[in-house]
Ligand SMILES: [Zn+2]
């Protein structure tokens, strides 16, 4: 468990023991903050038939046993008293919420509680949000609804006001780095560590191994592209299919600029990626990202293609300039 989640774990454990756990909990925080990790811990605790208490120098909280019938069913995703609501095509519709309400009206099969987990709660349609509001207004004694969001502003204020809000705030700067390195996570974290700098937008690639792998692949592909290798279609696919890729494009360019600045003294004039070129690229990318964010998925492909072509033009122009010098 990430160190900044422990206080929430302890509070929820106390509320659980005293039977005063809220019926609706909204977990809010940036991507990578550990919202899902905290929610899953709570769902497991609420389902378990023999919760254990953990008491050591770091924490004092409750934990599911991991081997009772409920724990095993939950692990195999067949536990009848828990429901995961998943957004389809970035939108959670009213049918899903109706299904959830019907689920809550039945009595629990095995456990004391029925739990619902709504990830990406900000993707609820207006109709879905209104349907959920009704459910939240008439909570049943044995139900706990957990909503997760990385954009609380997108939720109806009436929904937020009916939930107990847990704001997940990861540590920043050096403290975050120490935490991440304590988890013995390899790869990008170490690179960032050496720079002694980290910011919260980098959390997903620092705390999630799959996302970190995707980040490394993207970085390799982008740098190869900058060096003239024919990886245009790969780059385009990653920009289209990975939600983080646009941010990475910007971030990697900034990092290249930084490296260029640090090594300016030593830099050879033969380097393809001159400071001037990187500045131009950065401007092009910032503009491209702005446009892409304002477009719908249908137009995203066109704008991404254009962005890649512009990057290629900028590189070509800088090489011609260099030859003329
Ligand atoms: Zn158990």
Worksheet, complete the sentence: Using alpha carbon centers only, segment 128-170 is separated from segment 230-252 by a whole-angstrom value of 34
Fill in: Principal-axis tilt of helix 297-324 within the chain, Cα atoms, nearest 10 degrees
30
Discussion item. Taking 8 Å as the Cα distance limit and 6 or more residues as the minimum spacing, I'd like the relative contact order of the chain as a percentage.
Written reply: 16
Worksheet entry | Potential lengthening between residue 69 and residue 49 on full extension [0.36 nm per residue; Cα-Cα distance subtracted] | 6.4 nm
Practice prompt. Calculate, for residue 95 and residue 140, the FRET efficiency according to 1/(1 + (r/R0)^6) with r their C-beta to C-beta distance and R0 22 Å; round to the nearest 0.05.
Written response: 0.60
Response to the item:
Residue-normalised 222 nm signal for the chain, counting each DSSP H run of n ≥ 4 as -39,500 (n - 2.57), nearest 500 deg cm²/dmol, is -17000 deg cm²/dmol
Worksheet, complete the sentence: Here the percent of antiparallel bridges among DSSP beta bridges lying wholly in the chain, to the nearest 5, is 20
Response to the item:
Nearest 10, in degrees from 0 to 90: the angle of helix 126-137 to the longest Cα principal axis of the chain is 30
Practice prompt. Multiply the residue separation of residue 110 and residue 233 by 0.36 nm, subtract the distance between their alpha-carbon atoms, and state the gained length in nm to one decimal.
Written response: 39.2 nm
Item to complete: Take every Cα pair under 8 Å in segment 3-167 that's 6+ residues apart, average their separations, divide by the length, and report that relative contact order as a whole percent.
Response: 31
Fill in: Spin-label model distance (nm) - residue 241 vs residue 18, 7 Å beyond Cα toward Cβ
5.0
Worksheet entry | Shape box of segment 3-167 [Cα atoms, principal axes, largest first, Å] | 44, 34, 28
Practice prompt. Please give the peptides 311-317, 248-254 ranked by average Cβ packing (other Cβ atoms within 10 Å per residue), highest first, as a rough proxy for protection.
Written response: 248-254, 311-317
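Mind checking the full-extension length gain between residue 276 and residue 59? Use 0.36 nm per residue of separation minus the Cα-Cα distance, one decimal, nm.
Going from the current span to full extension adds 73.0 nm.
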Fill in: Percent of C-alpha pairs per 10 Å bin, the chain, short to long
5, 21, 26, 22, 14, 8, 3, 0
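Readers should treat all values here as calculations from the given coordinates under stated rules, not as data from a laboratory. Every value quoted in this text rests on a predicted model; they were computed, and no experiment measured them. Note that each Cβ is placed from the backbone with ideal geometry, even for glycine, and that neighbours are counted across all protein chains shown.
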